[in-house]
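Scroll down for the structure; my scribbles are underneath it.
The values are calculated or read from the model by the stated rules, or taken from the named source; none is laboratory data. Because the structure is predicted, anything quoted here is derived from the model rather than measured. A quick note on method: Cβ atoms are made from the backbone with ideal geometry, for glycine too, and the neighbour counts reach across all protein chains shown.
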Amino acid sequence: MSARENGSEEEPVIRDNRKIDPETGKAREPAGGAPEAASGGQGTETAAAPAEASATDLLAERTADLQRLQAEYSNYRKRVERDRVAVREQAVASVLTELLPVLDDIGRARDHGELTGGFAKVSESLEAALGKLGLTSYGTKGEPFDPTVHEALLHSYSAEVTEPTCVEILQPGYRLNDRILRPARVAVAEPGEETAAEQPAEEAAEQSAEQPAAGSGEAGASGKPDEN
């Protein structure tokens, strides 16, 4: 016999799956859906928090890398520029050093009055061009002797100086900006022993001359009065 004939058949279950409640007209929440949605939202938030922290750390790391690279590139550019200037100055200094004997010949010719005509124009143009590159000459008669920029070839004593002095310029010195290409070669004179001994004697004589004649005044004050 079938289940229907035995009377044991269960009654059919009717489920209302309508999303809108016909009585209230509001949307129905699916049974068991709210907890699942809530648990799903919490899982999404929990997973998003580490991802956001990881993205922040990655951004900070990449920013630090970019800043470091920028600093290294800036230092590299400065170093290259500094090296380029140093190489240029070294090259210019080497060329100018080779031209110093030519300038010495021009100077001797000028001193002897032989620098005339077209040769004078050429020498003036050469000196002007070298001056634009930063070459300057120095060394003047009568200036104090400085061992850092002067080279003493002759030495003597003189009563006319009070300190080591360049009494003659044998060969002018040349500098490129602040760099000495060749020191000035000079004759140096310094005060002798006799001159150094005379200076204290002269100072003592001057001091004694400036003092008032105190002795004569005291003699006049202590004289006896006239009996008449």
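For this structure, a couple of remarks:
- Considering residues of region 76-104 that are free of Cβ contacts under 8 Å to residues at least 12 places away in the same chain, acidic (Asp, Glu) and surrounded by 10 or more Cβ atoms within 10 Å (Cβ to Cβ) only, the residue nearest to Ile180 (Cα to Cα): Asp83
This table checks each residue for (1) surrounded by 14 or more Cβ atoms within 10 Å (Cβ to Cβ); (2) modelled with pLDDT of 90 or more; (3) over 40 Å from the mean Cα position of the chain (by Cα).
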| site | (1), (2), (3) |
| --- | --- |
| Leu135 | yes, yes, no |
| Gly139 | yes, yes, no |
| Pro144 | no, yes, no |
| Pro147 | no, yes, no |
| Ala159 | no, no, yes |
| Arg175 | yes, yes, no |
| Arg185 | yes, yes, no |
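- Filter result for Ala201 (at pLDDT 90 or above, small (Gly, Ala, Ser) and in a helix (DSSP H, G or I)): no
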